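Read-outs throughout are calculated quantities, based only on the coordinates presented, and are distinct from any laboratory measurement. Computed from a prediction, not measured in an experiment: that's the story for all the values here. Heads up, the Cβs are rebuilt from the backbone with ideal geometry, glycines too, and the neighbour counts pull from every protein chain shown.
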Amino acid sequence: MYNFFVVLHIVSAGVIIGLITTAILGTSMRKKMKGTMGELGSIRSGAIMAPIMANIGSVGLLITGVVATIMQYNSSFFGFNTLPWLAMMQADYVIIMAISGAIMMPRGKKILALANAEMAGPNAAKGASEELRSLVNKQYTMTMVIAVLVFIAIYLGESKSMMWVTGQ
């Protein structure tokens, strides 16, 4: 049963990596469409898809991480003295979720509302407004910050054998 949760954990991490990849590729394509209706469509598509993928990946990571931790280590959470690599991963996850909840989600809702309004407006053929572009660029920057934190978590998970692992 433990292996099943590990596989689901890896799949959930894959969804997050897919989200990051989609953000990078989507930004590249959006910049090529600057000043066109396609730019607004690209922004709107990203604003719809990103929260869905983020919710699937983060909830999957949370549930499978908790279950796998309990099954494998039978320990409390944030055990810096006993499982420092796991505690660092858990702290990293909490930071990611705090950034997501406090910054990414509210800004994403604002981006979607603004993109919808601009698509319905008279200047839709001219692409996104500078205000919308600025919001999207800030969102992309925070996505890259989260990407670094995700790769730190992956590194911690993969390097546990080198980091004073006990409790196995």
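Points to keep in mind about this one:
- One residue stands out among those in the stretch 138-162 that are closer than 30 Å to Thr82 by Cα and hydroxyl-bearing (Ser, Thr, Tyr): the one that is surrounded by the most Cβ atoms within 10 Å (Cβ to Cβ), which is Tyr155.
- Cross-chain or 6+ apart pairs with Cβ under 8 Å, the stretch 108-121 first and without any contact (Cβ under 8 Å) to a residue 24 or more places away in the chain, then surrounded by 15 or more Cβ atoms within 10 Å (Cβ to Cβ) and outside any helix (DSSP H, G or I): Leu114/Ser129
- Scanning the stretch 1-18 for residues that are under 11 Å from the mean Cα position of the chain (by Cα) and without any contact (Cβ under 8 Å) to a residue 60 or more places away in the chain returns Ser12, Gly14, Val15, Gly18.
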